[in-house]
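Enquirer: Let me give you the structure first, and then I'll get to my questions.
Every number in this text was worked out from the coordinates using simple rules, so none of it is lab data. Quick caveat: nothing in here was measured; it's all calculated off a predicted structure. Here the Cβ positions follow ideal geometry from the backbone for every residue, glycine too, while neighbour counts run over all protein chains shown.
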């Protein structure tokens with residue numbers, strides 16, 4: 001009889017794999033889930049804490065503003081009490097109160113009138129002058145509304161003297177004032193050239209418009225120092241220089257009359273080139289050493305005199321447009 005064969009116990013391997021998730025046991029999976037929940041909770045707590053801090057900060061700012069408002073309110077209340085106390089101390093009779101209110105209304109009305117006048121360009125000093133004028137008109141029996149027509153009638157009849165004619169000012173550019181030429185020549189310095197194109201041109205343009213004139217006279221003056229040059233070429237060159245075909249340095253005067261004209265031509269050319277003066281005619285002239293500053297004729301004054309070496313600029317209306 002054959003001996004029974006011993007049976008080898010078989011292991012159940014599948015039991016070991018029960019309860020695994022992604023290779024983790026149930027306990028490990030639960031720990032991981034709890035950890036994730038804790039992270040989310042921590043983030044939510046942090047966000048809520050930040051919101052609370054921000055709300056507390058805003059609340060603190062609002063409380064400070066409220067404190068300021070309460071302080072202002074308290075100060076206003078104190079001030080009101082003080083004013084009420086002062087008002088109570090002043091006891092006005094009904095007649096005095098009515099007079100006070102009337103004067104107050106008149107003061108407000110007068111202030112509004114003054115403000116309207118100031119907006120229209122009338123100054124307080126003008127009001128004083130108008131008041132004096134009103135008195136003169138009343139003394140002579142002239143109504144204010146009829147004053148304009150009456151003044152025109154008097155002017156037409158010759159009873160009121162007319163205002164003297166206002167002549168355009170003379171622009172004096174002397175070496176003493178910083179307007180230099182190169183020694184013995186008509187060449188402009190760069191500084192003089194720059195001023196002619198800016199401030200001087202602006203002043204001339206303003207005079208042309210203000211006085212409604214169209215001629216610019218440029219007059220060259222010299223002192224009485226003689227020139228060393230023996231011959232002059234102005235007769236041959238001045239036309240070409242005026243037309244800007246030759247430079248100003250081409251002019252070679254031999255006397256002060258020629259030097260004054262050459263310098264006047266230099267200034268005239270600079271003014272003609274300025275667009276602001278394009279509507280005017282520029283005329284260069286020479287007074288040589290004849291006329292002293294102040295429009296007096298010389299009786300002989302030798303020497304180096306800066307104030308006499310000058311350019312005078314005058315504006316006037318063209319001759320044919322003058323009334324007979």
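Enquirer: At 0.36 nm per residue, and after removing the present C-alpha to C-alpha distance, how many nm does the segment from residue 166 to residue 250 gain when stretched out fully? Working shown, then result.
Expert: Numbers: separation 84, 0.36 × 84 = 30.24 nm, distance 3.99 nm.
In short, 26.2 nm is gained.
Enquirer: Take peptides 173-180, 289-296 and line them up by average Cβ neighbours within 10 Å, highest first, as a rough protection proxy. Please list the in-between numbers first.
Expert: Working: 173-180: 15.9, 289-296: 13.2.
Top to bottom by mean Cβ count within 10 Å: 173-180, 289-296.
Enquirer: Let me know the Kirkwood hydrodynamic radius for region 23-91, please, with Cα pairs as the basis and the value in Å to one decimal.
Expert: On the way: mean 1/r = 0.0573 Å⁻¹.
Result for region 23-91, one decimal place: 17.4 Å.
Enquirer: Starting from the coordinates of the alpha-carbon atoms of region 241-324, obtain the Kirkwood hydrodynamic radius over all distinct pairs and give the value in Å to one decimal. Could the numbers behind the result be given before it?
Expert: Working: mean 1/r = 0.0675 Å⁻¹.
Every distinct Cα pair counted, the radius reaches 14.8 Å.
Enquirer: Next up: Sorted from largest down, what three extents in whole angstroms do the Cα atoms of region 167-290 have along their principal axes?
Expert: Principal-axis extents of region 167-290 (Cα, largest first): 45, 31, 26 Å.
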